[in-house]
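Values in this text are rule-based calculations from the coordinates and carry no lab data. Because the structure is predicted, anything quoted here is derived from the model rather than measured. Virtual Cβ from ideal backbone geometry, glycine too; neighbours counted across all protein chains shown.
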Amino acid sequence: MIAVAENYEDELKRAARAIQEGSFFRIFSHYDADGVASAIILSATLKRLGKDFHLSFLRSMDNDVIREGGDATIILSDLGSDVSGLENIKGIIVDHHIFSSKNILMNLNPRRFGYDGTKEACSSTVAFLLSTRIDQTNEDLFPAFIGGVIGDKQNVGGFQGINLGIVSSLRQRYPAVKEISLVGKSIYEGIYLSIDPYFSGLSGNLEGARFFVEGLGIDPDKPILELQTDEKEKVVEALTLKLIEQDVAREGYETVVSDIFNFPELGLSSNLLFEYLDASGRNGRMGLPVSWFLGNKEALEEMKSIFAKFREEALEQVEKSLNLLRDIGNVMVTYVDNPFLAGITASTIAIYVARVKKPVIAMYRNKEYKISGRATKDLVAAGVDLSKAIGVAAREVGGHGGGHDIAAGGEIPFGREEEFLRIVNSVIGEQVGAAKGTSKV
């Protein structure tokens, strides 16, 4: 069992006892890959204990819905740790986001105990720690943990902190190999479907991807796992050169090759598992992978179908959003047609589009605006903190927001979007200016 700080271990064991002693639980979880993976771990743990539970997915913290849990023990998963207004419920927070409110519930956020919730532990990490404190045999939920870690990009550049500890402690049972980070039936399909990394002119371009592989002297229909060592090296070199030509952010280069775990019992690799979790969640089918992990094997084919359709929609959205991109000073702004595509669109543009070099905010308009902001590691090093910028701006216009320095989101009232953008632009300018020791707005 992975060791953590003593005070964190004490809190994990206290939460484990609360679950073992409880009778009925309401799990509320976020819909992205980390939220879905965390929900899988929590649901499987409760099912194995013979506990009654009900799982719901939310876009963001919704106190009115959460209060409907009544006398049940509430578990809040990947929804943030700011829970003001929920003082009268009994519950556990399984989360890793930046927070500022006083702890009124049993908060397992690793940030409380000195860990970096952006790089070293996500919500799936916390759920896995909790589950293995309840029963160490729950280590077989490692695939879900890895799916969540990949979903929050905490594998990019190598595992760190608690994540590294878990991976290292279970290395014999779940070994990893360095592989090309592509998914698809063939090498050219993998490039065509790739969005992280995103290859300009190849991703979303079936003929372009096929021609690219043929130009390397490789059969484009060859399965990725059947590539010979020299063929893999040739593909990696060519794709890396492509990213250099695009002048991508430095983390973009770290995604071409990554640690891949193969899970024979699931019939999936870790990167494909993440894709299925993410696509299902962002298509409103969050319960599908949960039911699959709990025994509904028929769900796998539906997840495959959802992923294929979702990836094509995401690639089309990136191209469309690039044409809508506008520079407002310290931030780039664009728009999406689907709220579930806001995050992946902002991230792809921020990392893989050379002319950007600024944080990207993608907005979805409905009765209100859904906001997703993404930055790069270099921008964060320069002082950018999207959690604070989006949080401050959203609250100023009557909305809410938060997350991480490198990735954050929120919701704001319709009609207040330009005011919101002016405030975000100003705050980010101040952040960068303060980091440089100068004023820049």
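Cβ crowding within 10 Å ranks 358, 232, 367 as 367, 232, 358, fewest other Cβ atoms first.
Treating the range 324-436 as a set of equal point scatterers at the Cα positions, no solvent, please give the Debye-formula log₁₀ I(q)/I(0) at q = 0.10, 0.11, 0.12 Å⁻¹. With one equal scatterer per Cα and no solvent, log10 I(q)/I(0) is -0.23, -0.28, -0.33. Here the extension length gained between residue 322 and residue 392 equals 22.6 nm, from 0.36 nm per residue of separation less the Cα-Cα distance.
Here the residues 192, 115, ranked from fewest to most Cβ neighbours within 10 Å of their Cβ, fall in the order 115, 192. Compared with the direct C-alpha span, the chain from residue 216 to residue 5 gains 71.0 nm at full extension, assuming 0.36 nm per residue. Over all Cα pairs of the range 6-142, how is the pair count split among 5 Å bins, expressed in % and running from 0 up to the last occupied bin? P(r) for the range 6-142, in whole percents per bin: 2, 11, 23, 26, 23, 11, 3, 0.
Loop-located GluC sites (Glu not before Pro) in the range 1-102 (DSSP state other than H, G, I, E, B) with a sparse environment of at most 16 neighbouring Cβ atoms within 10 Å: 68, 87.
Its Cα centre serving as origin, the chain has a Cβ charge dipole (Lys and Arg +1, Asp and Glu -1) of approximately 780 debye.
Each label was represented as a point 7 Å from its Cα along the Cα-to-Cβ direction; for residue 226 and residue 368 these points are 5.1 nm apart.
Relative to the Cα centre, the charge distribution of the range 6-142, modelled as +1 at Lys and Arg Cβ and -1 at Asp and Glu Cβ, gives a dipole magnitude of about 200 debye. In plain terms, the chain from residue 51 to residue 418 could stretch by 127.3 nm, reckoned as 0.36 nm per residue minus the Cα-Cα distance.
Using DSSP to call loops (not H, G, I, E or B), can you name the GluC sites (Glu not before Pro) in the range 191-274 whose Cβ has at most 12 other Cβ atoms within 10 angstrom? Listed in order of number, the matching sites are 265. Here the spin labels are modelled as points 7 Å beyond Cα on the Cα-Cβ line, and at residue 265 and residue 17 they lie 3.0 nm apart. The alpha carbon centroids of the range 272-324 and the range 103-134 are separated by 26 Å. When only alpha carbons of the chain are considered, Rg and Dmax amount to 21.3, 66 Å.
Counting only whole DSSP H helices of the chain, the ones at least 20 Å long by C-alpha along their axis and with mean Kyte-Doolittle hydropathy no lower than 0.0 are 33-49, 417-436. Of the beta bridges in the chain, as assigned by DSSP with both residues counted there, near 55 percent are antiparallel.
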